[in-house]
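The values are calculated or read from the model by the stated rules, or taken from the named source; none is laboratory data. These numbers come from a predicted model, not from an experiment. Backbone-built Cβ (ideal geometry, glycine too); neighbour counts: all protein chains shown. All accessible areas refer to the heavy atoms of the entire protein, side chains included, with ligands and DNA or RNA removed. Shrake-Rupley method; radii C 1.70, N 1.55, O 1.52, S 1.80 Å.
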Amino acid sequence: MVKRTYPLLFLVVMIFFSCSDADDWGELAMGGAFITSQTSVVVIDSMTPSLSTFMIDSIPSNSSLKNLMIGRYNDEYFGEVSSTAYFELTYPDFSDLDTFFTHYDSLVMIINYNGIYYGDTTKQQTIYVHQVLEEMEEPDEAYMYNTTTFKYSDEPIGSVTFTPCPNFDDTLSIRMNDEFGKMLLNMMKEDASEFDNMDYFLEFLRGIALVPGDEDASILGFEPADSAVILKLYAHEIKEEKTDVVYEFPLYNDDNTTFNNFKADRSGTYLEGLNTQKNNISSGQMDNKAYVQGGTGIVTRLDFGDLTKISQQEEKNVLYKAELVLRPYADSDEQADYPEEIMLYTTDQYNRLVSELQNDDNETLIADFNYDEETREDIHYTFDITNYLLDVLDEGYDETEGLVICFPSTTFMSTTQRLVLDARNKSECRPILRLYFLYYDYYDNDDEEK
């Protein structure tokens, strides 16, 4: 958007912010006219946008994937949330394998923590490794979605029960079934055709699903890279002396089939009624709260009904700044930290995301986050939406259009980051649209003061 300034009708209720004199403002040129020293800056913060919550039907889960998310936990606000990670593996180089002297030791799945987690990591939890039984193809030949699933084996081929330490441990090792491991080694010894190329190998091992157990614990983030997800087959050779050997099956993502499947059981929460993207529920029906959650596709819609009160110029004033201030609901960060970055999309009457708001440098507009960890006072997000508001008023405000509060795409698509917003209209924590006006007298060069 190009930053512009339009003269606007001065609203009835105004809070006097500051008055200027000649020393403060002097005479400012505006479009060939001059502003006299009789200039006031006025701010209006009595406008409360309305908030509602809806669920995006499906979001790409393999696009710009930054995290493999695995686990389950019960969220006070969002219900039971779980994530299963899917991916494919490639086969190792085993040209040095000595068929006669090589003996099997173990098969281990190794995945690397990336430090992201939601829920309680002091609780013990289980991850099961299952073999995918059908070809992992994109539903629309472009994306895997957060709702995409593939059938996998009833019985796991590996598992681990553990208490996670994502901030201290680098890796998690999952011991695989020896029966499955010995089968792989025997196929390699026999130079099976399944190891001739990737097409044949993927017909044999179509994919892996890392599935959480039933424990109410945490969702953990892992790195989705071939160097961070490896199936390792440990063996040894016995000749003159014993020699350990390792064959690696790294993650394979050339066909973009690494993704997360997110599920949520919202029974008993205010979000239980969410079912389609066209159905948004007002904050008044949700205990005066609004919700955003990555992975499951929950977002907050924001509407400015009071903007219809602003019409074209009849008084001497200019709207020169507009701020949107949002506050998280107090202490809603007990199970997950407040997100540091939120952004805005424009939306239409069908809750479709149209375009992201950008700043003056044509970059994604990210809110300024005010948070003091020690005092935990006045926690809030602030957006400068001046350009957006001026464009809307210039083109004519359409009440069927609004804004959507969301996370940056990589966070929204591949984490379960969440935010609960305070939407109490009469509270000091209410959402605010703060408008700054420059109120002035002006005159042309050769005219009398107007």
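Values for this structure:
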item: Residue within the range 127-149 that is open to solvent by 80 Å² or more (accessible area, probe 1.4 Å), outside any loop (DSSP other than H, G, I, E, B) and either touching a Phe, Trp or Tyr at 6+ places or on another chain (Cβ under 9 Å) or among the polar types (S, T, N, Q) (or both) present; result: no
item: Checklist (1) assigned to a strand (DSSP E or B); (2) open to solvent by 10 Å² or more (accessible area, probe 1.4 Å); (3) within 23 Å of residue 85 (Cα to Cα) applied to residue 180, failing item; result: (1)
item: Enumeration of residues in the range 410-442 that are out of contact with any helix residue (DSSP H, G or I) (no Cβ under 7 Å at 6 or more places or on another chain), assigned to a loop (DSSP other than H, G, I, E, B) and open to solvent by less than 10 Å² (accessible area, probe 1.4 Å); result: 415, 416, 431
item: Single condition residue 246 does not satisfy, out of (1) under 22 Å from residue 128 (Cβ atoms); (2) free of Cβ contacts under 8 Å to residues at least 24 places away in the same chain; (3) touching a strand residue (DSSP E or B) at 6+ places or on another chain (Cβ under 6 Å); (4) not charged (D, E, K, R); result: (1)
item: Strands (runs of 3 or more DSSP E) contained in the range 297-350 and holding at least 2 residues aliphatic (A, V, I, L, M) and modelled with pLDDT under 95; result: 317-326
item: Criterion violated by residue 100 - all others in (1) touching a residue at least 24 places away in the same chain (Cβ under 8 Å); (2) open to solvent by 70 Å² or more (accessible area, probe 1.4 Å); (3) of a type in the set (Phe, Trp, Tyr) satisfied; result: (1)
item: Selection count where residues are open to solvent by less than 10 Å² (accessible area, probe 1.4 Å) and either touching a His at 6+ places or on another chain (Cβ under 9 Å) or assigned to a strand (DSSP E or B) (or both), scope the range 53-75; result: 8
item: Qualifying positions in the range 280-296 - in a strand (DSSP E or B), more than 15 Å from the chain's Cα centre (by Cα) and crowded, with 17+ Cβ neighbours inside 10 Å; result: 281, 289, 290
item: Out of 185, 172, 210, 233, sole residue that is touching a residue at least 40 places away in the same chain (Cβ under 8 Å) and in contact with a helix residue (DSSP H, G or I) (Cβ under 7 Å, 6 or more places away or on another chain); result: 233
item: Residue that is among the charged types (D, E, K, R) and under 26 Å from the mean Cα position of the chain (by Cα), where the choices are 141, 190, 179, 155; result: 141
item: Residue 56 being β-branched (Val, Ile, Thr) and out of contact with any Gly (no Cβ under 6 Å at 6 or more places or on another chain); result: no
